[in-house]
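A quick write-up on the structure given underneath.
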Amino acid sequence: MTEPKIDSRRLWDGHMAMAEIGPSPGGGTARLALTDFDREARHLFRRWAEEAGCAVRVDGIGNIFARREGEDPGHPPVMTGSHLDTQPLGGPFDGIYGVLAGLEVVRALNDAGIATRLPIEVVDWTDEEGARFGAGCLGSNVFAGRRALDNTLALTDAHGNTVRGELERIGYAGPKPVGGFPIDCFFEIHIEQGPILENEGIQVGAVEGAQASTGYWVTVTGEEGHAGTLPMALRRDAMHGSARMIDAVVNVAMDFDPHPVITVGHLRVRPNSRNTIPGQVTFSIDSRHPDNDILASAGAAMRAACETIAEDRGLELEIEQTSHRDSVVFDPGCVQTIRDAAAARGISCRDIYSGAGHDAINLSHVCPAGMIFVPCEKGVSHNEAENAKPEDLAAGAEVLLHAILARAGRA
Ligand code: GLV
Ligand code: MN
Ligand code: MN
C-alpha cells in the first residue's frame, strides 16, 4: 500500500502564493476579513480545493467547506481548518497554515490513492482575527451556536460597514444554514505564536486546552471644544480621561497572581483632529486568563477603575462586553490521537496550552476537538515578521494527516 506523504514544497509554496494577496508594507500580510483581499484568498482556496476534487459549499456566515467524500458519505465528517484572514499587520502563517495543511492532507491522500471511510472537510472559518468588527472567531462562533447569526451579521467596522453587507459585497453570503450537522471531530493545526516549542527544539505541540477570554468596547464621552481657547479647568477631555483609564485597565493585570493578560489595542477618536479637544473616545479591551473566575474578577476591577476616573473627570462612560469564552479543555481522545500520530512518525511532541484564541475552541462545544502547534520563529506572531520553517510546517502537517487518517479510517 502506498503511504501518503506531505509535500513540504507544495505546502510552502501555497503559503507564499497566499502571502501575495494583501502584502503589508513591512513584508507581512494585511488581509482583514471580508475585504477584497479576503475575497481573493477565498477564491484561491476554493480553486485549489476544487482542483483537488473537493465539493465546495459556503454557509450563511461565509464559512467555506471543502469536502473530500468518504466511502460512507452518510457518516459525519472529520473536519480540519482554520482561517485565511489576518491582522492589519500580520504574517503568512497565522490561520493560513491550518487551511493549507488541511488541503495538503487531501492532496497527499489523492496522490497516494487512499480513500477514507469518513468524509474529510477542510474549512476556512470567517473572520477569526476579530480585527475589523470588534469580535473574533465570528464564523466558528455562529457555527457552534455560540453567537446569534443575525446579531453577528449586524456587527459594524469603524466605517459603519456591516458583516452582512461585506459578505454580500464579496460574494460569500452563502445560502446554507450555519452549523447544525454532526461532525465526527475537528483538528486545527496552527503555529504556536509563542516561544516554547522553538526554545525546546520540539516540532509539535499537542494542545491540551486554551485560556478564557473577554473583550469589551469602552466608550468615553466628554465635550468637544477649541484646543486653543478653552481653559484646562473647564474641559471634559475624553482623550485625557481615556488615557488614565487605559493605564488603570492594563495595570489591573498586576493585581492578580498569576496575572491575566490585558491589552488595549484599538482606539477610535472623535473628531480626531489635532486642535479639537476630543469629545468621544472608544477603546477596546482584550483580557485573558486560564481561570474563568479570575478573569471575571479582573473584569470587575477594570470596570470599577474606569468608573472612578469617569466620575472624577465628569465624563460619561459606557462599557460593552463584545465577546466572552470560557477556558476549554480539548477532547482527551483527540489529544491522544495527536500524540500517537507524532510518536508513530518519530516526530518530537510535547503537551502545550494555548494562550491564543482559535476556532477549535468553539468547535470543542459541538464535537470532539484537538489542536496541533508547530514552532514559529522566536514565538513572534500578530507581527509582519512572523516566520516558520518549512520542515516544521511539514512535520506538523504529517501529524495532522495521520491524526485525520486515524479518525477517518482507510476504506
Ligand atoms: C486570535 O488571533 C486571538 O486573538 O487569539
Ligand atoms: Mn489564528
Ligand atoms: Mn491571530
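Just the ratio, please: alpha-carbon radius of gyration of the chain over 2.2 N^0.38 Å, N its number of residues.
Ratio of Cα Rg to 2.2 N^0.38 Å: 1.03.
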Total charge of the residues flanking GLY90 in space, meaning their Cβ is under 10 Å from its Cβ, with Lys and Arg +1 and Asp and Glu -1, is -4
Could you list which residues have their amide H under 5 Å from that of GLY81, counting only those 5 or more apart in sequence or on another chain, with H placed in the peptide plane? VAL123, PHE187, ILE189
Just want to confirm a number: the relative contact order over the stretch 239-350, from Cα pairs under 8 angstrom separated by 6+ residues, in percent. 23
Once each part is reduced to its C-alpha centroid, what is the distance from the stretch 1-74 to the stretch 161-227 in angstrom? 17
Quick one: which residues, 5 or more positions from GLY225 or on another chain, have an amide H under 5 Å from its amide H? H modelled 1.01 Å from N in the peptide plane, none for Pro or chain starts. ILE277
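Report the relative contact order of the stretch 261-411, percent, no decimals, based on alpha-carbon pairs under 8 angstrom and at least 6 residues apart. Before the final figure, lay out each step's value.
Working: 117 pairs, mean separation 23.9, N = 151.
Dividing the mean separation by the residue count of the stretch 261-411 yields 16 percent.
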Relative contact order computed over the chain (Cα-Cα under 8 Å; 6+ residues apart), in percent: 24
Excluding residues fewer than 8 places away in the same chain, name every one of the lysines whose C-alpha is closer than 22 Å to that of LYS5. LYS389
So what's the net charge close to ILE309: Lys and Arg +1, Asp and Glu -1, counting the other residues with Cβ under 15 Å from its Cβ? -2
List, in order, the whole-Hz ³J(HN,Hα) value for each residue of the stretch 219-224 obtained from phi through the Karplus relation with A = 6.51, B = -1.76, C = 1.60 and θ = phi - 60°; use x for Gly and Pro. 10, 10, 10, x, 8, 5
How big is the Rg/Rh ratio for the stretch 212-325, C-alpha atoms only, Rh by Kirkwood, two decimals? 1.03
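How do TYR172, TYR353 line up, fewest other C-beta atoms within 10 Å first?
Working: TYR172 23, TYR353 17.
The fewest-first ordering by Cβ neighbours comes to TYR353, TYR172.
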Fewest to most Cβ atoms within 10 Å: VAL261, VAL163 sort as VAL261, VAL163
Simple spin-label model, 7 Å along Cα-to-Cβ: ALA17 to LYS176 in nm? 2.2
When the Karplus curve 6.51 cos²θ - 1.76 cosθ + 1.60 is applied with θ = phi - 60°, which whole-Hz ³J(HN,Hα) does each residue of the stretch 245-261 get, with x for Gly and Pro? 5, 4, 4, 5, 4, 5, 5, 4, 3, 6, 7, 10, 9, x, 7, x, 9
Calculated [θ] (222 nm, deg cm²/dmol) that DSSP helices of n ≥ 4 give over the chain, each run adding -39,500 (n - 2.57): -11000 deg cm²/dmol
Would you give the gap between the C-alpha center of the stretch 296-317 and the C-alpha center of the stretch 76-130, rounded to a whole Å? 42
Using the 10 angstrom Cβ neighbour count as an exposure proxy, how do GLU318, GLU3 rank, fewest first? GLU3, GLU318
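Bear in mind these aren't lab numbers, they're just calculated from the coordinates by the rules spelled out. Everything numeric in this text was worked out from a predicted model, so none of it was measured. Note that each Cβ is placed from the backbone with ideal geometry, even for glycine, and that neighbours are counted across all protein chains shown.
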